[in-house]
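A.B. asks: Below is one structure. I have some questions about it.
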Amino acid sequence: MATPLTPMEIQRELGTLPGWIQENDTLVKVFSFGSFREAFSFMTRVAFEAEAMDHHPEWTNVYSRVTVRLNTHSAGGKITALDIELARKIQRISWID
């Protein structure tokens, strides 16, 4: 089981993840792309990384907007290092801020 991060650890990590915010016990970021095709391409790339980590986001896609929500179910729905790691990978994949 993953260990939840402390509030201080979460805030420190958020300082290195542009555009990500904390909503309750979840890391959240909204990505706005130029088209549905770009948004879906992004989601496909993220899906491969998430599957390799066996750590999957909760996300929604409405046309060109993708909202990503991360927390760790095995840690009681809290934010863990796994969420930070996946958020970093998502940042590297994204071609927008």
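A.B. asks: So which strands (runs of 3 or more DSSP E) stay within region 1-76 end to end and still have 1 or more residues that are buried (at least 18 other Cβ atoms within 10 Å of the Cβ) and not aromatic (Phe, Trp, Tyr)?
C.D. replies: Correct list: 26-32, 65-70.
A.B. asks: Can we say Met1 is under 20 Å from Gly77 (Cα atoms), of a type outside the set (Phe, Trp, Tyr) and touching a residue at least 40 places away in the same chain (Cβ under 8 Å)?
C.D. replies: yes
Every number in this text was worked out from the coordinates using simple rules, so none of it is lab data. In this text the structure is predicted, and so the values were computed from the model without any measurement. So basically every Cβ, Gly included, is an ideal-geometry build from the backbone, and we count neighbours across all protein chains shown.
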